[in-house]
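Visitor: What follows is a single structure, and I will ask about it in a moment.
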Amino acid sequence: MDLFHLPRKKTTSPRLDGEGLYLRPAKSGDFEQWRHLRAASRSFLTPWEPSWPLDDLTKAAYHRRLARQDRERLEDQAYGYLIFRTKDDALLGGLTLGNVRRGVAQCATLGYWIGEKYAGQGFMRKAVRAMLRHAFLEMRFHRIEAACAPENERSRRLLENLGFQREGFARSYLLIDGAWQDHLLFALLERDFLRDADSADGSDLQL
């Protein structure tokens with residue numbers, strides 16, 4: 001058996017439904033909502049993200065994002081989504097499964113952001129749960145990794161509440177807000193996700 005070409009099931013549906021929200025890839029028509037939410041949340045997001053390019057909120061930069069999103073999805077490198085509230089289609093934030101490693105790894109890295117006015121209301125927890133179901137049950141990943149700055153208490157609690165286990169501490173791990181910053185390293189395995197779902201009598205799989 002060729003260990004570097006293990007069979008995998010790949011999704012054909014771009015929309016993922018969760019509890020009171022849904023995820024789908026960004027479209028051209030999302031630009032104004034995306035720009036307004038990112039601009040309004042800039043000071044809230046800046047400490048946890050790479051430095052924003054000067055043209056980051058322009059339509060040209062946004063369309064470059066879309067082209068990269070579509071290319072990476074086609075090449076099975078990364079899967080980016082925007083998060084919307086079901087009742088009114090309000091844009092809440094974004095989520096990405098990136099750095100996809102197939103073959104003997106079957107692993108990806110989780111990243112996320114949420115608009116400041118929607119933070120602390122449980123939306124990201126529900127969005128990540130929807131993504132995890134998709135990642136493990138449909139995309140056949142074995143392991144999902146994530147990292148957060150030690151002082152990012154909200155992100156750390158999110159990962160821990162979703163069952164991620166802390167596995168290490170990486171010095172100068174990512175270039176965030178113009179400086180190399182230490183990060184805590186977390187991971188969730190498929191078997192742990194399925195065990196937790198079974199312990200909840202399958203209810204988590206039906207959200």
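Visitor: So for the pair A61, R42, with labels modelled 7 Å out along Cα→Cβ, what separation do we get in nm?
Guide: Label-label distance for A61 and R42, simple model: 0.9 nm.
Visitor: Let me ask something else about it. What is the extension gain from R24 to D192, computed as 0.36 nm multiplied by their sequence separation minus the C-alpha to C-alpha distance, in nm to one decimal?
Guide: In short, 57.9 nm is gained.
Visitor: Further question: Please label the shape of the chain as rounded, prolate or oblate, based on the square roots a ≥ b ≥ c of the eigenvalues of the alpha-carbon gyration tensor (a/c under 1.5 means rounded; beyond that, a/b larger than b/c means prolate, else oblate).
Guide: rounded
Visitor: To the nearest 20 Debye, how big is the dipole of the chain about its Cα centre, given +1 on the beta carbon of each Lys and Arg and -1 on that of each Asp and Glu?
Guide: Computed about the Cα centre, the dipole is about 380 debye.
Visitor: Provide the FRET efficiency to the nearest 0.05 for the R35-R85 pair, computing r from the beta carbons and using R0 = 22 Å.
Guide: That gives a FRET efficiency of 0.75.
Visitor: Sort H63, H134 so that the residue with the fewest other Cβ atoms within 10 Å of its own Cβ comes first and the one with the most comes last.
Guide: The order, fewest Cβ neighbours first, is H63, H134.
Visitor: Below 12 angstrom from the Cβ of A61, what's the summed charge of the other residues (Lys, Arg +1; Asp, Glu -1)?
Guide: Net charge in that neighbourhood comes out at +4.
Visitor: For L82, what charge total do you get from the other residues with a beta carbon under 12 Å from its beta carbon, if Lys and Arg give +1 and Asp and Glu give -1?
Guide: Once all neighbours under 12 Å are counted, the net charge is +4.
Visitor: If I model a spin label as a point 7 Å beyond the Cα along the Cα-Cβ vector, how far apart are those points for Q106 and E167 in nm?
Guide: Calculated label separation equals 1.5 nm.
Throughout, read-outs are computed from the coordinates displayed, never taken from laboratory work. Because the structure is a prediction, the values reported are computed rather than measured. Backbone-built Cβ (ideal geometry, glycine too); neighbour counts: all protein chains shown.
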